[in-house]
Amino acid sequence: MRRYNALRPVMLIAVALLTNSLFTNLCAMFGMSPESASNVGFIAMMIAALVMYNRMTKHRRK
């Protein structure tokens, strides 16, 4: 386990949770129902986590 960076998983979780709360609050602010806003926030969280994971692994592969 050479060159393991403990900050990467923490940063990935933090970005995912912040994205979820941001999108949920924005959708609720624009009048969306709480259930739908929560679903949109979850989808945005998954997309942000996948994009960030791909960027981190692409940088490590080179």
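The values are calculated or read from the model by the stated rules, or taken from the named source; none is laboratory data. On a predicted model such as this, the values are computed, not experimentally measured, just so you know. These accessible areas exclude ligands, DNA and RNA; they are computed on the full protein's heavy atoms, side chains included. Shrake-Rupley method; radii C 1.70, N 1.55, O 1.52, S 1.80 Å.
The helix-only estimate of mean residue ellipticity at 222 nm for the chain, built from DSSP H runs of length n ≥ 4 each weighted as -39500 (n - 2.57), is -29000 deg cm²/dmol after division by the residue total.
Please compute one quarter of the surface area of the Cα convex hull for the chain and express it in square nanometres.
Over every viewing direction, the Cα hull of the chain projects on average to 4.5 nm².
Accessible area of the chain with a 1.4 Å probe: how many percent of it is carbon plus sulfur? Summing carbon and sulfur atoms, their accessible area is 67 percent of the total for the chain. Extension gain, residue 50-residue 32: 0.36 nm per intervening residue step, less the Cα-Cα distance, totals 4.0 nm. Per residue, the chain exposes 84 Å² of solvent-accessible protein surface, assessed with a 1.4 angstrom probe and all protein chains in place.
What number, in percent, do you get for the relative contact order of segment 15-59 if the mean sequence gap of Cα pairs under 8 Å and at least 6 apart is divided by its residue count? Could the numbers behind the result be given before it?
Details: 32 pairs, mean separation 20.6, N = 45.
Value for segment 15-59: 46 percent.
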